[in-house]
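No value in this document is a laboratory result; all are computed from the given coordinates. Because the structure is predicted, anything quoted here is derived from the model rather than measured. Note that each Cβ is placed from the backbone with ideal geometry, even for glycine, and that neighbours are counted across all protein chains shown.
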Amino acid sequence: MSNDLTKKQTGTGLSTESGRFRQDLINQLTPEQRKELALKAGQEQLDLDKSDADAVRRFNASSVEMQRDVQTAKDLNAIGSDFTMENSYKTASGETRIKVTKNNNTVWIVGLVVIAVVFFVLFSR
């Protein structure tokens, strides 16, 4: 099944089929314009390659940092202490924020015991 819109004549001498459209445009350029286009395309490709390499470096660095923080959280958990860890990592696609919290409620338990003792002393008289 064909789409009539893609086969319409535009009156410019250019084909509207996607693969041919770009080639028709390039064929209509002067040799000087083609040279400028090639230089610009080459520069854009270099920029893309640099951007890709930077993303890979950010990914690798953030992976190492996350693994280190996971190990730190495991170590703190093994000790049995309360802790909160908050970190932000620059990743390949942006930024990742992680918050790890462990709270044994030790303060609440001690506070409740103190209150219970106070009530016990007050009501035992």
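A few notes on this one:
- FRET efficiency, 1/(1 + (r/R0)^6) with R0 35 Å, evaluated for residue 112 and residue 63 via beta carbons: 0.25
- Close amide H contacts of residue 92 (hydrogens built in the peptide plane, cut-off under 5 Å, sequence separation of 5 or more or a different chain): 59.
- Tally of Lys pairs whose C-alpha atoms are under 17 Å apart, taken over the range 27-125, 8 or more apart or cross-chain: 5
- Theoretical gain in end-to-end length, residue 98 to residue 83 [0.36 nm per residue, Cα-Cα removed]: 4.0 nm
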